[in-house]
Amino acid sequence: MWPTTGYYLESSVAEYLPGWFMGLANDEDNQGEMTEQRIEQWGNQILAEF
């Protein structure tokens, strides 16, 4: 799961629970500058979960 915090959205089919995406969501159209940071954070989260 990945938090929706920091994303600009009204709704998303990727929102699993209120405030949470199922997996990492990247918004290349509106927040492409955040992609690298989000991938790094998500990778660290996955490693910690294993």
>> I'd like to check something: does the range 6-16 contain any residue that is small (Gly, Ala, Ser) and within 10 Å of the chain's Cα centre (by Cα)?
In response: yes
> Quick one: is Leu24 hydrophobic (A, V, I, L, M, F, W, C) and in a loop (DSSP other than H, G, I, E, B)?
Replying inline: yes
>> I'd like the full set of residues that are touching a Phe, Trp or Tyr at 6+ places or on another chain (Cβ under 8 Å) and part of a loop (DSSP other than H, G, I, E, B), limited to the range 27-50.
In response: Asp27
>> Where the second residue is assigned to a helix (DSSP H, G or I) and not aliphatic (A, V, I, L, M) and the first is at pLDDT 95 or above and lies in the range 23-35, which pairs have Cβ atoms under 9 Å and are six or more apart or on separate chains?
In response: Thr35/Glu28
>> Testing Tyr7 on (1) loosely packed, with under 10 Cβ neighbours inside 10 Å; (2) in contact with a strand residue (DSSP E or B) (Cβ under 9 Å, 6 or more places away or on another chain), one condition comes back false. Which one is that?
In response: (1)
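The values are calculated or read from the model by the stated rules, or taken from the named source; none is laboratory data. Keep in mind that this is a model prediction, so the values were computed, not measured. Don't worry about glycine lacking a Cβ; one is built from the backbone with ideal geometry, like all the others, and counts go over all protein chains shown.
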